[in-house]
Structures are given as C-alpha cells and as structure tokens.
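First the structure, in the form of structure tokens, and then the observations on it.
The values are calculated or read from the model by the stated rules, or taken from the named source; none is laboratory data. Note that the structure is predicted; figures quoted are calculated from it, not measured. FYI the Cβ positions are ideal-geometry reconstructions off the backbone, even for glycines, and counts take in every protein chain you see. Note: areas computed on protein heavy atoms with side chains; ligands, DNA, RNA excluded. Shrake-Rupley method; radii C 1.70, N 1.55, O 1.52, S 1.80 Å.
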Amino acid sequence: MASLLAPVGRVLLRDVALDRLRTAIVTGVLAPGEVIKDAELAARLGLSVAPVRAALARLADEGLVESKPQSRTRVTPLVPAKVRDAAAVVRAMHELAAREAVPRLVEDDVAAMRAANERFRAALAVADVDSATEADDDLHGVLLARCGNTAVLATVERFTPAIRRLERQRFGTDGGHPSAELHDRLIAACAAADADAAVATTTEIWTALLSELEDDPREP
C-alpha cells in the first residue's frame, strides 16, 4: 500500500494523482481525519503541487477530503449516516443499470460476469479484500457498461469511494461484499434475460449492505 504514494511518471499527472490519492484514502493509507498537506503529498508522489491540488479539489467534491479556508485540509472522517445516504443512491443507480442493461446483454457479457464471480469467490476464500473488490466491480461493471446511461456511470463513480471506505474498515470481505451466491442469482437472471429478477437481486445485494450500516456504534 505504501507504493500508492511512490513517485509517478509525467503522464496525465492530475489523473494519476487523483487515482493514487483516492485509493490511498479508500484503503486507509490516508486515514479518516488525517490532516494532509498538498506540498507534502506532492513531494511523496514526485509531482508539482498543481496536479495534487487539482486532485484534492476533485476529492473534496467526492466527499473524501474537506478543507477550511486559511486552515487545514484533512481526510473526511467516516460518518455512517452519510455512507448510508451514498449507498442508497448507488443502489438506485445499479437497479436502473440492471433494468436497462439486461435486454442488451450478449453471451460474452454473461461469461464475463461468471468469470468475475469466480475470481470474487476465490478472493473471499483467502480474505483478499483488494481482489474481491476488483472482481465485484468487474461483475457489476458489465451491467453499468451495457446500460448505456452516462449519468448512471457518473453517479456511481461519484459516490462509490465513500461507501468503500466503510466497507473495508468495518466489514472486510465477510460483511462488506455481497455473497457469491447472490451474484450467481444475478447472473442467472441476466442469462435468462429476466430484467425483473436482475433488478430484484440487485436490490437484495444492496439492501444487505445497507442493513449492515444500521445502528453503527460510531454514529454521532
């Protein structure tokens, strides 16, 4: 994880800085509440301050960092109520994606979802949170890509990082990810071109996550 803040090459500097810093926050390399300084981050990344400031501005828009004028910038503390709000929005977007994508799926799409779920299952077996998360994204990403709705994609991209922080910190792979069996049901619905069943299973996946976020002892 320390390599996330290693120097980067001079290509797409703002985007690289954004990706590195977002991942560092989501995975806890930069902890909730940690004070961060753009000059120090720029030095660690081997960049000038400008692309790092641009990345931090984007992360502030995503709710992952917060700044006070003439004061400090810090990683936004985890607030379960805000994570629940974000999760409810992302759930609605995934439901819409399933509704719109299922009629457009081809055989290769379903095969890609099955392959992703096998990787997901294997990652859970060895408690590999990073690989499980990547496989989960790949599986649902098939539906997001096929739905053809750019607003859905933008909304999911905007709110998912905030959800992932709490998933990783509190649940790990056991509680923070939907089960491979639920994925199996989603894939079966997609293979059968049953949009209603795909939407219902998507709802079940996200409802399970939302239920885990209820009554969090850290709730302010």
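Does Val126 qualify as being more than 30 Å from Leu41 (Cα to Cα), among the hydrophobic types (A, V, I, L, M, F, W, C), open to solvent by 60 Å² or more (accessible area, probe 1.4 Å) and at pLDDT below 95?
Working: more than 30 Å from Leu41 (Cα to Cα): yes; among the hydrophobic types (A, V, I, L, M, F, W, C): yes; open to solvent by 60 Å² or more (accessible area, probe 1.4 Å): yes; at pLDDT below 95: yes.
Yes; evaluated as a whole, the condition is true for this residue.
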In region 179-204, which residue that is out of contact with any Lys or Arg (no Cβ under 9 Å at 6 or more places or on another chain) and open to solvent by less than 30 Å² (accessible area, probe 1.4 Å) is farthest from Glu107 (Cα to Cα)? Leu182
Residue pairs qualifying under the 7 Å Cβ cut-off, at least six apart or on distinct chains, with the first in region 142-154 being in contact (Cβ under 8 Å) with a residue 40 or more places away in the chain and the second being of a type in the set (Ser, Thr, Tyr), are none
Just a yes or no: is a residue in region 106-121 over 16 Å from Thr202 (Cα atoms) and under 13 Å from the mean Cα position of the chain (by Cα)? no
Please go through region 52-91 and pick out each residue that is within 15 Å of Leu41 (Cα to Cα) and of a type in the set (A, V, I, L, M, F, W, C). Val52, Ala54, Ala55, Leu56, Ala57, Leu59, Val65, Val75
Quick one: is Pro77 assigned to a loop (DSSP other than H, G, I, E, B), at pLDDT below 95 and within 20 Å of Thr23 (Cα to Cα)? yes
Within region 138-152, identify whether any single residue is over 18 Å from Ala87 (Cα atoms), at pLDDT 85 or above, open to solvent by less than 70 Å² (accessible area, probe 1.4 Å) and outside any helix (DSSP H, G or I), and answer yes or no. yes
Subset of region 55-74 that is open to solvent by less than 40 Å² (accessible area, probe 1.4 Å) and not in a loop (DSSP other than H, G, I, E, B) - its residue that is farthest from Thr201 (Cα to Cα): Thr73
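Name the residue that is nearest to the chain's Cα centre (by Cα), counting only residues in region 93-105 that are assigned to a helix (DSSP H, G or I) and closer than 15 Å to Thr201 by Cβ.
First, the residues of region 93-105 that are assigned to a helix (DSSP H, G or I): 93-104.
Those still in the list that are closer than 15 Å to Thr201 by Cβ too: 94-99, 101-102.
Working: His94: 12, Glu95: 16, Leu96: 17, Ala97: 16, Ala98: 17, Arg99: 21, Ala101: 20, Val102: 22 Å.
Per the criteria, the residue is His94.
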Filter region 153-170 for residues that are open to solvent by less than 30 Å² (accessible area, probe 1.4 Å) and among the hydrophobic types (A, V, I, L, M, F, W, C); which is modelled with the lowest pLDDT? Leu166
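What are the residues in region 53-78 that are touching a helix residue (DSSP H, G or I) at 6+ places or on another chain (Cβ under 7 Å) and within 24 Å of Asp130 (Cβ to Cβ), if any? Steps first, answer last, please.
Residues of region 53-78 that are touching a helix residue (DSSP H, G or I) at 6+ places or on another chain (Cβ under 7 Å), as a first pass: 53-56, 58-59, 62-67, 73, 75, 78.
Passing the criteria: Ala55, Leu56, Arg58, Leu59, Glu62, Gly63, Leu64, Val65, Val75, Leu78.
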